[in-house]
Amino acid sequence: MSLSTGQAVIMIGAVVLGTLTTRFLPFLIFPDNRPTPKYIQYLGKVLPFAVIGLLVVYCVKSVPVLTWPYGLPEGIAVLGIVLLHWWKRNMLLSIGGGTILYMLLVQLVFV
Amino acid sequence: MKMKALKAAFPYTIPICAGFTFLGLAYGIYMNSLGFSFVYPMLMSMTIFAGSMEFVAANLLVSGFHPLHAFFLTLMVNARHLFYGISMLDKYKNVGKKKWYLIYGMCDESFSINCTTQPPEGVDKGWFMFFVTLLNQCYWVIGSTLGGILGSFVTFNTKGIDFVMTALFVVIFLDQWFSQKRHLPAIVGVAASAVCLMLFGADNFIIPSMLLILAVLTLAKKSFEGKEMGS
């Protein structure tokens, strides 16, 4: 499905508005630097980790795991990233290497 | 005063320059592969300026017209900014009008530099943080614009390049995993989302996932903090 330019602008506007909200809200809620509620502090500590987990699942949400190739290209590439990152801890190397591995897999192996 | 702050800020942003140029290029090429002109990644990088969300937004743009869904998804994907903001309430005080740009441009990388770096002696703190933020945004906009332009000249087969987004999040996930002793939040994030994906399907699982994550983490608060004190 493709959007008209106007629809695309509205969609991007919604994303901009969402981003602005998350960035400005704390400064609007706590203008005088009142102490932050304990619960919010706790969420601040744990939520970033959970949200990235959610995003990983979001990325693979449409991968067919019950039909060929059973999510194998994605699984192998993620495993490759884990090993690369374990080994070198180099963000660019892991992202670049994993992406190239995946591209080779879907272009040459699981065609 | 400004030049001095710019000179002091630049070295701190060099690693970000490499990273943003690379990821920006990949993002621009990805947008191009979805059929968007370079104007889209350029304007999105200037206005949204939240790398991970821009990848998600690219996906949203090709999956139908749902602005409300896009808005709420953005709130959730970028929820971490709330906590960056809470950490920066003090630091962004007394810097004049620059404060508004500092908040606007508070991406993960600018936050991490501004949060942890003390500007050198004699350098204005406000301008230092301003240039860190501005330089980082420039790298990102230039990278993604170039990617969008070069994308149409790319002659190799780009099938599978969309995996760069998965790779990005997997690497962030691993970085967080290696940096933490307690993995409960990360596990809850993955497990709750996986369960909701199975229950609600690919198109409707985000909001239930977020609620489930909030619920589980709220329930786990006592044990989490108790153990933390005990450890």
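The table below lists the values:
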item	result
Residues within the stretch B:175-187 that are surrounded by fewer than 22 Cβ atoms within 10 Å (Cβ to Cβ) and aliphatic (A, V, I, L, M), tallied	2
Total residues in the stretch A:25-62, condition in a loop (DSSP other than H, G, I, E, B) and either under 23 Å from B:Lys93 (Cα atoms) or more than 9 Å from every other protein chain (Cβ to nearest Cβ) (or both)	8
Scan of the stretch A:24-58 for residues that are within 20 Å of B:Leu168 (Cβ to Cβ) and either exposed (fewer than 12 other Cβ atoms within 10 Å of the Cβ) or in contact with a Gly (Cβ under 6 Å, 6 or more places away or on another chain) (or both), ordered by number	A:Ala50, A:Gly53, A:Leu54
Looking only at the stretch B:1-43, and only at residues there that are among the aromatic types (Phe, Trp, Tyr) and within 10 Å of B:Gly143 (Cβ to Cβ), the one that is farthest from the chain's Cα centre (by Cα)	B:Phe22
Positions within the stretch B:53-73 being under 16 Å from the mean Cα position of the chain (by Cα), within 7 Å of chain A (Cβ to nearest Cβ) and touching a residue at least 24 places away in the same chain (Cβ under 8 Å), in sequence order	B:Met53
Members of the stretch B:1-52 that are over 23 Å from B:Phe130 (Cα atoms), aliphatic (A, V, I, L, M) and assigned to a helix (DSSP H, G or I)	B:Leu25, B:Ala26, B:Ile29, B:Met31, B:Val39
Members of the stretch A:63-87 found to be aliphatic (A, V, I, L, M), over 14 Å from the mean Cα position of the chain (by Cα) and assigned to a helix (DSSP H, G or I), listed by number	A:Leu72, A:Ile76, A:Ala77, A:Leu79, A:Ile81, A:Val82, A:Leu83, A:Leu84
Qualifying residue in the stretch B:117-124 (condition: at pLDDT 90 or above and either within 22 Å of B:Leu23 (Cα to Cα) or of a type in the set (A, V, I, L, M, F, W, C) (or both))	yes
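For (1) in contact with a Gly (Cβ under 7 Å, 6 or more places away or on another chain); (2) under 20 Å from A:Glu74 (Cβ atoms); (3) within 7 Å of chain A (Cβ to nearest Cβ), each residue gets a yes or a no:
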site: B:Cys138; (1), (2), (3): no, no, no
site: B:Phe169; (1), (2), (3): no, yes, yes
site: B:Leu184; (1), (2), (3): no, no, no
site: B:Ala191; (1), (2), (3): no, yes, no
site: B:Met198; (1), (2), (3): no, yes, no
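The values are calculated or read from the model by the stated rules, or taken from the named source; none is laboratory data. Note that the structure is a prediction, hence the values are computed from the model and not measured. Cβ atoms come from the backbone with ideal geometry, glycine included; neighbour counts cover every protein chain shown.
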